Structures are given as structure tokens and as C-alpha cells.
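Student: Quick one: this structure, given as C-alpha cells, is what I'll be asking you about.
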Amino acid sequence: MKIIIFVHTCKKYEESRAKIIEDTWGNKPNVVFITDNENSTLKNHLYIGPYKSGPTYHPENVIKMFNLFLNNYSDYDFFMIIDDDSYLYINKLETYLSFFDKNDTYMIGDFLNWAAPSTEHWLTCDYNAWASGGPGLVFTKTCIEKFIYLSKTINIPYYPHDVWLHRLFMLSDKKMKRVDCPGFHQYRSKTLLQKYKKEDNNIVSVHLEHNLDLMYDFHIAWHI
């Protein structure tokens, strides 16, 4: 099972975020930093041009990343996009993904862990909610091809990338298989280290909510 991981960063955060990932969990050949910095000093990076203003991940950047995967990494089984303030246990993710058919149309993320129960429909914890983008989104090749097709045939406003992907899905035939991974966590990163032992598989990826000190806490706690 092979996965390529794109860490979405930018010139503004390369030193304060991306370099920390490079020094911890991201020092792997299959981790590639996507950046708008043509003079980046990150060891393994791809410059994809200036970023458009708007959402943190402009959907046009996501389309660029999808096409990069199809053109340069199509021999990989899975593709992941993840924030530059998240911690990922790659070996745990690889074990989890080994149970999935790489040829099926999967989108895997955190659909349920990030929203508290609410009477407001858009905040309810159900599968009508979108996958939060912080701890990452994983796609199979067929799912990426489906999203590229939808982006060309369905005209919707640009939202943050996770909401944008959700809107495309909701306006499609819904034949993509969206899977909630309980090991992906958008919020409550501070409590996870106290709640779970390092041997547990309850944490696969966690969004650190801009608290980069936690990057080292997770790395040390799981590598002693």
C-alpha cells in the first residue's frame, strides 16, 4: 500500500509550521510540501504558483494538487492533503488504509468528530456534514477523477476546500464513498495526549489548531 501526502503550506508559514513538520513526522520521501514560495528551502516541495486570495486552501489549489497526483504520482494507491499545523502518524494511517480497496471511489476524513451536537441542521453530527480539512483528507485515484469531473461540470462559488468538496458531492450522483475515520481529529488536540496511550490506534491524525508546541509533544510522546 502506497500513499503520497501533500502538506499544504505557504511562504508565510514555512519557517513556523512546515519546517517543524519536516523535523518531526514529515521527514519521509512520500511527504511533499505544496507551497507558493518559489524560493522555498524545504527539502521536498512543489511550487504551484501564487495562491489566490480567499479561502486558506483556494479550490483552484486543490485542483492543481489533484492534477499533480494524477500526472506525477498515479502509481500510488492513495493521496492525502493535510494542513501544516497537523500531526500525522503515517504508519497508523497506512495500516488503516490497508483495509480499503484502492480501486474504489473513497474519500476518507473526519466527518463526525469536529462538530458538537446541535439543533441547527448544519452543525449536526451526521453524514450530511462535510469532512473537516484540518487533520487531512484521503482520496483514491477514482475519487480524485470524479471530483475533477464535477469541478468542470458543476459551477458553484468557491468556499474553503472542505466545504467546496462537500458542495460538489451534494450536487453529484453521490456515488463516492465518504468514510469517517475515528482516528482523525479536528479539535480537542490538547486532551488527546492525556486520553490515549501511545500504543493505542485512536489517534491517526490530529489538527493542532495553530498550537505548534503540540507538534513536539505528540512526536516525543509517541517516539519514546
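Student: For the subset of region 10-57 comprising residues that are of a type in the set (A, V, I, L, M, F, W, C) and assigned to a loop (DSSP other than H, G, I, E, B), which member is farthest from residue 89 (Cα to Cα)? Step through it out loud before you land on a result.
Tutor: First, the residues of region 10-57 that are of a type in the set (A, V, I, L, M, F, W, C): 10, 18, 20-21, 25, 31-34, 42, 46, 48.
Within this subset, residues satisfying the condition of being assigned to a loop (DSSP other than H, G, I, E, B) are 10, 25, 42, 48.
Details: 10: 22, 25: 7, 42: 20, 48: 26 Å.
The selected residue is 48.
Student: Can you tell me which residues in region 150-194 are aliphatic (A, V, I, L, M), under 14 Å from the mean Cα position of the chain (by Cα) and under 24 Å from residue 215 (Cα atoms)? Don't jump to the end; show me each part of the working.
Tutor: Going residue by residue through region 150-194, those that are aliphatic (A, V, I, L, M) are 150, 154, 156, 163, 165, 168, 170-171, 176, 179, 192-193.
Imposing the further condition that a residue be under 14 Å from the mean Cα position of the chain (by Cα) reduces the set to 163, 165, 179.
Once the filter is applied, which keeps residues that are aliphatic (A, V, I, L, M), under 14 Å from the mean Cα position of the chain (by Cα) and under 24 Å from residue 215 (Cα atoms), region 150-194 yields nothing.
Student: While we're on this one: Would region 212-223 turn up any residue that is modelled with pLDDT of 85 or more and part of a loop (DSSP other than H, G, I, E, B)?
Tutor: Taking every residue of region 212-223 in turn, at least one turns out to be modelled with pLDDT of 85 or more and part of a loop (DSSP other than H, G, I, E, B).
Student: Inside region 6-32, can you point out the residues that are farther than 16 Å from residue 208 by Cβ, crowded, with 19+ Cβ neighbours inside 10 Å and within 15 Å of the chain's Cα centre (by Cα)?
Tutor: 6, 31, 32
Student: Residues in region 201-211: is at least one part of a helix (DSSP H, G or I) and among the small types (Gly, Ala, Ser)?
Tutor: At the first step, the residues of region 201-211 found to be part of a helix (DSSP H, G or I) are none.
No, that holds for no residue.
Student: Now, a different point. Of the residues 129, 115, which is at pLDDT below 90, over 28 Å from residue 98 (Cβ atoms) and either of a type in the set (Asp, Glu) or part of a loop (DSSP other than H, G, I, E, B) (or both)?
Tutor: Working: 129 fails: over 28 Å from residue 98 (Cβ atoms).
Testing whether each residue is at pLDDT below 90, over 28 Å from residue 98 (Cβ atoms) and either of a type in the set (Asp, Glu) or part of a loop (DSSP other than H, G, I, E, B) (or both) leaves just 115.
Student: Just need a number here: residues in region 61-79 that are in contact (Cβ under 8 Å) with a residue 12 or more places away in the chain and either outside any loop (DSSP other than H, G, I, E, B) or buried (at least 21 other Cβ atoms within 10 Å of the Cβ) (or both).
Tutor: First, pick out the residues of region 61-79 that are in contact (Cβ under 8 Å) with a residue 12 or more places away in the chain: 61-70, 73-79.
The next check asks that each one be either outside any loop (DSSP other than H, G, I, E, B) or buried (at least 21 other Cβ atoms within 10 Å of the Cβ) (or both); those that pass are 61-70, 78-79.
Summing the residues that are in contact (Cβ under 8 Å) with a residue 12 or more places away in the chain and either outside any loop (DSSP other than H, G, I, E, B) or buried (at least 21 other Cβ atoms within 10 Å of the Cβ) (or both) in region 61-79 gives 12.
Student: Does region 147-187 hold any residues that are part of a strand (DSSP E or B) and either touching a Leu at 6+ places or on another chain (Cβ under 6 Å) or surrounded by 18 or more Cβ atoms within 10 Å (Cβ to Cβ) (or both), and which are they? Talk me through it step by step, then tell me what you get.
Tutor: Looking only at region 147-187, we keep the residues that are part of a strand (DSSP E or B), and these are 177-180, 184-185.
Within region 147-187, 178, 180, 184, 185 meet the criteria.
Student: Pairs please, first residue from region 80-96 and within 21 Å of residue 143 (Cβ to Cβ), second anywhere and among the charged types (D, E, K, R), Cβ atoms under 9 Å, 6+ apart in sequence or on different chains.
Tutor: As it stands, the answer is 83/17; 90/28; 94/2, since those pairs meet every condition given.
Student: Residue 91: surrounded by fewer than 16 Cβ atoms within 10 Å (Cβ to Cβ), of a type outside the set (Lys, Arg), part of a helix (DSSP H, G or I) and modelled with pLDDT under 95, yes or no?
Tutor: For residue 91, the condition - surrounded by fewer than 16 Cβ atoms within 10 Å (Cβ to Cβ), of a type outside the set (Lys, Arg), part of a helix (DSSP H, G or I) and modelled with pLDDT under 95 - is met.
Student: Can you pull out the residues in region 1-26 that are free of Cβ contacts under 8 Å to residues at least 12 places away in the same chain and either closer than 18 Å to residue 78 by Cβ or not basic (Lys, Arg) (or both)? Give the steps one after another, and end with the answer.
Tutor: Of all residues in region 1-26, those free of Cβ contacts under 8 Å to residues at least 12 places away in the same chain come to 12, 15, 23.
Matches in region 1-26: 15, 23.
Student: Please find, among 91, 37, 71, the residue that is under 22 Å from residue 144 (Cβ atoms) and of a type outside the set (D, E, K, R). It would help to see each step written out before you state the result.
Tutor: Details: 91 fails: under 22 Å from residue 144 (Cβ atoms); 37 fails: under 22 Å from residue 144 (Cβ atoms).
After applying the criteria, what remains is 71.
Student: Okay, moving on. Go through (1) surrounded by fewer than 17 Cβ atoms within 10 Å (Cβ to Cβ); (2) under 30 Å from residue 210 (Cα atoms); (3) at pLDDT 95 or above and name the single condition residue 101 misses.
Tutor: In the conditions (1) surrounded by fewer than 17 Cβ atoms within 10 Å (Cβ to Cβ); (2) under 30 Å from residue 210 (Cα atoms); (3) at pLDDT 95 or above, residue 101 misses (2) alone.
Student: Inspect region 131-145 for any residue being farther than 24 Å from residue 86 by Cβ and without any contact (Cβ under 8 Å) to a residue 12 or more places away in the chain and give the result as yes or no. Reasoning before the result, please.
Tutor: Taking region 131-145 first, the residues farther than 24 Å from residue 86 by Cβ are 142, 145.
Add one more test, that the residue is without any contact (Cβ under 8 Å) to a residue 12 or more places away in the chain, and what stays is none.
No: zero hits.
The values are calculated or read from the model by the stated rules, or taken from the named source; none is laboratory data. Bear in mind the structure is a predicted one, so any value in this text is a computation, not a measurement. Heads up, the Cβs are rebuilt from the backbone with ideal geometry, glycines too, and the neighbour counts pull from every protein chain shown.
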